[in-house]
Each structure stands twice: as structure tokens, then as C-alpha cells.
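The values are calculated or read from the model by the stated rules, or taken from the named source; none is laboratory data. Note that the coordinates shown come from a computational prediction; the quantities given were computed from them, not determined experimentally. Here the Cβ positions follow ideal geometry from the backbone for every residue, glycine too, while neighbour counts run over all protein chains shown. All accessible areas refer to the heavy atoms of the entire protein, side chains included, with ligands and DNA or RNA removed. Shrake-Rupley method; radii C 1.70, N 1.55, O 1.52, S 1.80 Å.
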Amino acid sequence: MKIIARLAWKSVLNRKSTAFLTVLTVAISVILLLGVEKIRTEAKDSFSNTISGTDLIVGARSGQVNLLLYSVFRIGNATNNIDWSSYKYFRNNRAVKWAIPISLGDSHRGFRVMGTNTDYFKYYKFGHKQALTFQKGQAFKGLFDTVIGSDVAKSLGYHVGSKIIIAHGINDVAFSRHDNLPFTVTGILAPTGTPVDKTVHVSLQAIEAIHVGWESGAHVGKTPDAKTLEKYDFTPNQITAMLLGLKSRIQTFALQRAINNYRKEPLSAIMPGVALHELWGMMSVAEQALMFISGFVVIAGLLGMLSSLLTSLQERRREMAILRAMGAQPKHVFALLMSEATALTMVGILFGIIGLYGTMSVLAPVIHSHYGIVITLSILNAHEWLLIGFVQLAGMIVGIIPSVRAYRQSLSDGMTIRI
């Protein structure tokens, strides 16, 4: 075996260019395979960790995916609102530790505006129960203060002290803007990779104040100026949804049942984790497509290696004939080519892993800032090692084809190569 290994090594050195291209093909295949798998799993994890630490999301009666979409992802609209008295009733429930009210419906230059209170910055968590932090500034205090997400600040060039105008409804057009009531940016949240980055946060009282003089989306009366409005108490009559954190997770199902059976108005309470799992399941086609793409990438790489080995075999027919003439048995020729294919695949995998981590270290910040997917430079997990094992095995199987052809070469194939 040592002789065969030495011969294989010298043979590879004698064909540096071909061997390099074979290793490069395998390395690129491994980078793409593990890269796609990494992005797929990290995207799923980022999606699942959009909201954490929240036990129940409560909204008007609707499907759990719809409630999740508008309350967490700011997509779509609620079927109805929740009465403020219902919010106070469940906020004061013995099982509830904290409650965050949410009011949606307005926008600013393509970004959703959300009314809430300061408990949002204290209790809302994402990822692995990570709290919101301020990149600059602080939470809103005044009636017309606002806190914006990192994407809002980056896209629109805002900073602490900037003035913004909120528009009524999702479409930010001139006739729907609250032009006489500008908001002042008091804080910019640190990036989270979640919809929080694309949200403009204001107080619940501000949402009520800017809609004085508005009815059913139309400006039907005069809206007082900011100084006048600041003198009044704008306790909301309704909100869109609320997030609940419980003292004990054991009480989750009991409180969920109590909310769903609430007699004063039809409400739905959902568990975020269950709803996120259902929503991801609806997008399983995209996940499967990524897996197929990565699989075909590996197949293409292995076919390239096969083509390279078969081509080099034609050039090495004299070498094989000399080895046979010197007493090498067919099994030795077979073992020689198999060891070459195995070694080239192994080296390609090694360079592929190195290339993967190098690429990830460069692209991770870009992927996070543009797509909100957090790519962690962690060690390969068991599933990824299994994929690498399959690549190694596939490379050895591919090496069988030229090895069998060389095995069948006879001495009569000649000391000269036929043209």
C-alpha cells in the first residue's frame, strides 16, 4: 500500500494542472453545498427567532398565520381591532407578567409605523432572548417623539434629531400625510435582523393625537397643532394586538383558552413558536429548492472530476502498460487510480471547508445587513459532516469508473498509444 500511495502521489505531482483543476472543482462544489445548507439552516433559525420570550400574541379573531404576519412581520392588516378595556383586563390577569400593546395602520415612506409603549423596549426579545438595544439615542418620551429601526435610519439617512412626517394608512401619499405634526427621532435601535429594523415606533397616544380630525381615513376636520395636542390625555380606545409574557409557561394553554373564549369580543391567542413553524412549513417549497440546487451543484462537480480522470486516463495508457509490464497486477492499477480519486476528493473537501469559512467571514456582514440573516462562524454540525461524508463517498464511487477501465486495460493495449 505504501508503494501504491507513493506512486499515486508522484502521479499527481506529474499532473499538477489537471490535479489542481480537479481539486478546485470539488472545493467549489463543497463551498456551494455547505454554503447553501448554512444559509438554509441560518435562514430558518433567523425566521424562528424573529420573536422570542413572548408566550402569546393576541388579536382580533382570525387565523394564526394572519395574526402573526401583521403583528410581528408588519405584513397585511388586522381583521379588526381590540378594545382597550380588553387589553387592560388581560394585562391585569394573575398569570400575565407583562403586556405590550401594538397599534398599526400608518406608514412613513414605505415603512410601517407602530404605536406602542416603553414596555416594548423593555420586554420585546428576538433571537435567543436578546433584548432590544439602542444604537443611538433613547426611547420616546414626548408625544411626538419616535424611535426608528436601523434599516429605516440607513435607507432614509435619518439620525437623532431628524424630523419625519407620518402618513395615514399604508400608502404614503401627499393627501394622507399628517404634515402639521412632525415627529422627532429620539432613538435608533441597533440592528436585529428582524422586522423591528424596518419599523417606525411611536407612542400609542401619538397615534390617537395625529388622527384628531380624521374619520375613516379622510381628513374631515381641523387637526390642532402639536402644542395644543400635548395638553390632552390620549388614552387609546382600541389597539391592533398585544404581546403577552407569562409568569409561568405552564399557564400558557389555560390563558390561551380563556382568551379564545372571551365573551366581550372575539379574540384569538396564538403561540408565536407554533405559528412560525406553520408559516415556515408553507414556504417549504423554497427550502426544498435550495436543497435540490445544492445537490445538483455537487453532482456537477463530481461529473467534472470524472471527466478530468477519464481524460487523464487516456493520456496515461503508456504509464499503465509499463506498470503492468513491470509486474503490477490489475488490482494494483485499480487501487492506484482509486487512491488518486480518493485523495483528490479529500483535498478538495479540505480546501472547500477552508474556502467556506473564508467566504462566510467576508459575506456574513453583507448578508445580515441586506437580508437580515445572521450567519454564525460555528463549527460544522453532524448534518454537515454527513454531507461531507457523502461527497467523499461519491468521489470514491466516481473514481471507480476510470479505475475499472484501467483494470481492464491489457498489456496488448500497447507500449504505444493508438491515435
Full-extension gain in nm, residue 357 to residue 133, via 0.36 nm per residue minus C-alpha separation: 77.8 nm
In sequence order, calculated HN-Hα J values of segment 384-396 (Karplus, 6.51, -1.76, 1.60; Hz; x Gly/Pro): 5, 5, 5, 4, 5, x, 5, 5, 4, 5, 5, x, 5
Net charge over other residues, Cβ less than 13 angstrom from the Cβ of residue 196 (K, R count +1; D, E count -1): +2
Sequence-distant residues sharing a close amide H with residue 134 (under 5 Å, placed H): 190
Accessible area (Å², per residue) of segment 61-180, counting only protein heavy atoms and a probe of 1.4 Å: 47 Å²
Sites residue 65 and residue 212, calculated FRET efficiency, Cβ-Cβ separation with R0 45 Å, nearest 0.05: 0.85
Nearest-0.05 FRET efficiency for residue 20 and residue 80, computed from C-beta distance (R0 56 Å): 0.30
Length released on extending from residue 247 to residue 118, taking residue separation times 0.36 nm less the Cα-Cα span: 44.5 nm
Rounded FRET efficiency, nearest 0.05, which uses the C-beta distance separating residue 292 from residue 155 and R0 of 45 Å: 0.85
Gain upon complete extension [residue 380, residue 94; 0.36 nm per residue less C-alpha separation]: 98.5 nm
Inter-probe distance in nm under a simple model that places probes 7 Å from Cα toward Cβ, at residue 261 and residue 404: 6.8 nm
